[in-house]
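K.L.:
What follows is a structure written as structure tokens; I'll ask about it next.
The values are calculated or read from the model by the stated rules, or taken from the named source; none is laboratory data. Source: prediction; values computed, not measured. Every residue, glycine among them, receives a Cβ derived from its backbone with ideal geometry; neighbour counts consider all protein chains shown.
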Amino acid sequence: MAPQLSELPPECEPLLPPSGPSDCDQPTARVPRLRADPQRFLLPLIFASVVAADFGNYLSYAPQIAIFESIICRRFGADSHALEVGAGCKSPEVQAELALVNGWKDMFDQLPGILLALPYGFLADRVGRKPILLLSLTGLLMEELAIRVVCWCNTVLPLRTVWVTPIFQLVGGGPQLSTAMAYAMITDLVPVSKRASVFFLMAAAVLLGEILATPLSAFLMSWSPWVPSLLGVAIQSLGLLGTTFLPETHPQKTFHAEEGEGEGNQDDAIAHSAPTRLLTTTLRSLWDQARSFTVNARCLNLICIVCSFLLASIGRQALQLIIQYASRRFSWSIAGASYLITVKGLINLLTLLVLLPKLSDWLRRHLSFSPVLTDLRVVQWSAWILTLGMALMAIASQPPLFVFGVCLLAFGWGSYSALRSLATALVLPSQVGVLNTAIGLSQSIGSMVSGPILAAAFQRGVNQDGFWMGLPYLLAAVLFFFASCLTSVVRIMDEEPIP
């Protein structure tokens, strides 16, 4: 690949290499120039690829529930002639089996990511982000095709065969790896001062796909659930195709090579001077001991952040039940209940594009908050809003209160983007890939655990009826509460590594 203009030696660099390091040799002097030009076309291309993949996923989400429900309904004999489900399919037996199938499928969906997250993460830091992203999207597309085959051949294959389809995620590691690679590519391109805003835009782009896909899916379901289901797979294929046009964004390793050469020269010099080596070793040991408290504090921050992702991902999975829950509790159709996702998406979009950027700018201008401290405050406040919104959804016995809870939950949804931005600001650039993978791993574990737990909670709530129908959301509210407590423990050090 031909060198870009930003890769050529700057004017302040002499033609002959100097004997010592200069200001132009520092990584902080070169990295911004490497990032400046590609942002204009790379970020929109990353956004477009991610939106296409998520748009296809949301387009087929509600239809997949309808198809699963229809297949289960036929097996129970409630509706043996038509694909459209009737009132008989809202029986506790059918809904319990549907929750069981989806819950265990969600758990099995996370196993490949848990097993392969760290290997793929280290591989991404070695060979680049793009190959891992391509592999991940390919595996996800193969899984979606396999699910359609199982549903189409439901007279031959039992519906629970979908529990086996996550095996295709062994190719690429699953959705958490694709998300981690997309965020890692953005992190490679965007400086820390602008990273939170770009993460908000990234989340807003995904939400835009969610907002547009949900009503389109409900409209197409009036013909047949298979129409949006197959169309969703086709659009996901376009997302994979768009990813092939992305260049690699992984930073060059030249600085590490230069540092390695410098260390080698220093080692040669020390080898000829034993007293100098002893003094250097002693001073370095004292310096490491002096910084131990800071290092421990940073590790504690990262542990709290990763654990917050873990707890929040379990609570977040409760939202996957929103269509089935609202359809059962308020006797809505699946297509009608899917509009709740549109409502949530619209409020999310408003929050991410308007409210959070304005709030962040106000905190920086009027309270002189640093970008890292701004992210921390946004995370903490949003986490408590998530807790309150989920609690209202749990106790709501009438649609208005439930919808209000969904709206309140949507206002706090920006905490995930701010929390990821906060985490990347606390590590070095060489650790970003592993960090995003660790976050993806925690989310995978949370999603895996949440599937059976929330399915069992939904089954118990359906059988008991009344207040206890909101048991899945009550459990999610408790988890969000503990995640909020963890974010309150995070403290910003005086000096944080700036990627």
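K.L.:
I'd like to know if segment 396-404 contains one or more residues that are outside the structural domain of residue 120 (by the TED database), within 21 Å of residue 183 (Cα to Cα) and either surrounded by 21 or more Cβ atoms within 10 Å (Cβ to Cβ) or out of contact with any helix residue (DSSP H, G or I) (no Cβ under 6 Å at 6 or more places or on another chain) (or both). Reasoning before the result, please.
P.N.:
At the first step, the residues of segment 396-404 found to be outside the structural domain of residue 120 (by the TED database) are 396-404.
If we keep only those that are within 21 Å of residue 183 (Cα to Cα) too, we end up with none.
Within segment 396-404, not a single residue is outside the structural domain of residue 120 (by the TED database), within 21 Å of residue 183 (Cα to Cα) and either surrounded by 21 or more Cβ atoms within 10 Å (Cβ to Cβ) or out of contact with any helix residue (DSSP H, G or I) (no Cβ under 6 Å at 6 or more places or on another chain) (or both).
K.L.:
Still on this structure, please answer the following. Tell me which residues, restricted to segment 367-387, are in a loop (DSSP other than H, G, I, E, B) and either in contact with a strand residue (DSSP E or B) (Cβ under 8 Å, 6 or more places away or on another chain) or hydrophobic (A, V, I, L, M, F, W, C) (or both).
P.N.:
Scanning segment 367-387 gives 367, 369.
K.L.:
Taking the condition out of contact with any Pro (no Cβ under 6 Å at 6 or more places or on another chain), free of Cβ contacts under 8 Å to residues at least 60 places away in the same chain and hydrophobic (A, V, I, L, M, F, W, C), does residue 480 pass?
P.N.:
In short, no.
K.L.:
Taking interchain pairs and intrachain pairs at least six residues apart, which have beta carbon atoms under 8 angstrom, with the first residue in segment 333-357 and outside the structural domain of residue 207 (by the TED database) and over 17 Å from residue 385 (Cβ atoms) and the second β-branched (Val, Ile, Thr) and modelled with pLDDT of 85 or more?
P.N.:
What qualifies is 334/65; 337/322; 340/322; 340/403; 340/406; 341/322.
K.L.:
Residue by residue through segment 119-144, note down the ones that are of a type in the set (Val, Ile, Thr) and either farther than 16 Å from residue 241 by Cα or in contact with an Asp or Glu (Cβ under 6 Å, 6 or more places away or on another chain) (or both).
P.N.:
127
K.L.:
Follow-up question, since we're still on this one. Do we have any residue at all in segment 293-314 that's of a type outside the set (A, V, I, L, M, F, W, C), part of a helix (DSSP H, G or I) and touching a Phe, Trp or Tyr at 6+ places or on another chain (Cβ under 8 Å)?
P.N.:
Checking segment 293-314: not a single residue is of a type outside the set (A, V, I, L, M, F, W, C), part of a helix (DSSP H, G or I) and touching a Phe, Trp or Tyr at 6+ places or on another chain (Cβ under 8 Å).
K.L.:
Just give me the residues in segment 159-182 being closer than 25 Å to residue 227 by Cβ and at pLDDT below 90, in sequence order.
P.N.:
The answer is 175, and nothing else.
K.L.:
Which condition from (1) buried (at least 19 other Cβ atoms within 10 Å of the Cβ); (2) within 17 Å of residue 65 (Cα to Cα) is the one that residue 132 breaks?
P.N.:
Tallying (1) buried (at least 19 other Cβ atoms within 10 Å of the Cβ); (2) within 17 Å of residue 65 (Cα to Cα), residue 132 fails exactly one: (2).
K.L.:
Something else about it: Which one of these is over 17 Å from residue 321 (Cβ atoms) and out of contact with any Ser or Thr (no Cβ under 7 Å at 6 or more places or on another chain): 419, 408?
P.N.:
Step by step, each of 419, 408 is checked, and only 408 is over 17 Å from residue 321 (Cβ atoms) and out of contact with any Ser or Thr (no Cβ under 7 Å at 6 or more places or on another chain).
K.L.:
Filter segment 322-332 for residues that are surrounded by fewer than 21 Cβ atoms within 10 Å (Cβ to Cβ) and either assigned to a helix (DSSP H, G or I) or in the same structural domain as residue 224 (by the TED database) (or both) and give the result. Spell out the reasoning first.
P.N.:
Of all residues in segment 322-332, those surrounded by fewer than 21 Cβ atoms within 10 Å (Cβ to Cβ) come to 322, 329-332.
If the condition is that a residue be surrounded by fewer than 21 Cβ atoms within 10 Å (Cβ to Cβ) and either assigned to a helix (DSSP H, G or I) or in the same structural domain as residue 224 (by the TED database) (or both), then 322, 329 are the ones that fit.
K.L.:
Here's another thing I want to ask about it. Out of 427, 403, 432, which single residue is farther than 15 Å from residue 476 by Cβ, over 21 Å from the mean Cα position of the chain (by Cα) and of a type in the set (A, V, I, L, M, F, W, C)?
P.N.:
Going through 427, 403, 432 in turn, the sole match is 403.
K.L.:
I'd like the full set of residues that are closer than 13 Å to residue 315 by Cα and surrounded by fewer than 22 Cβ atoms within 10 Å (Cβ to Cβ), limited to segment 453-474.
P.N.:
Selection gives 453, 471, 474.
K.L.:
Could you tell me whether residue 125 is assigned to a helix (DSSP H, G or I), of a type in the set (D, E, K, R) and at pLDDT below 85?
P.N.:
Yes: the conditions hold for residue 125.
K.L.:
Okay, next question. Which helices (runs of 4 or more DSSP H) does segment 1-108 wholly contain that include 3 or more residues that are modelled with pLDDT under 55? Before the answer, list the steps.
P.N.:
Working: elements: 27-36, 39-59, 61-75.
In segment 1-108, the matching helices (runs of 4 or more DSSP H) lie at 27-36.
K.L.:
Let me ask something additional. Considering only helices (runs of 4 or more DSSP H) fully contained in segment 171-250, which possess at least 2 residues that are more than 28 Å from residue 120 (Cβ to Cβ)?
P.N.:
Counting at least 2 such residues, we get 192-220, 226-243.
K.L.:
Give the residue, chosen from 424, 387, that is more than 29 Å from residue 454 (Cβ to Cβ) and touching a residue at least 40 places away in the same chain (Cβ under 8 Å).
P.N.:
When all the criteria are applied, what remains is 424.
K.L.:
Any residue in segment 415-427 that is in a helix (DSSP H, G or I), touching a Gly at 6+ places or on another chain (Cβ under 7 Å), surrounded by 18 or more Cβ atoms within 10 Å (Cβ to Cβ) and hydrophobic (A, V, I, L, M, F, W, C)?
P.N.:
Within segment 415-427 (the criterion being in a helix (DSSP H, G or I), touching a Gly at 6+ places or on another chain (Cβ under 7 Å), surrounded by 18 or more Cβ atoms within 10 Å (Cβ to Cβ) and hydrophobic (A, V, I, L, M, F, W, C)), the answer is no, since none of the residues qualifies.
K.L.:
Within segment 488-499, can one find any residue that is among the polar types (S, T, N, Q), out of contact with any Gly (no Cβ under 9 Å at 6 or more places or on another chain), closer than 30 Å to residue 186 by Cβ and surrounded by 20 or more Cβ atoms within 10 Å (Cβ to Cβ)?
P.N.:
no
K.L.:
Somewhere in segment 453-461, is a residue in contact (Cβ under 8 Å) with a residue 60 or more places away in the chain and under 21 Å from residue 308 (Cα atoms)?
P.N.:
yes
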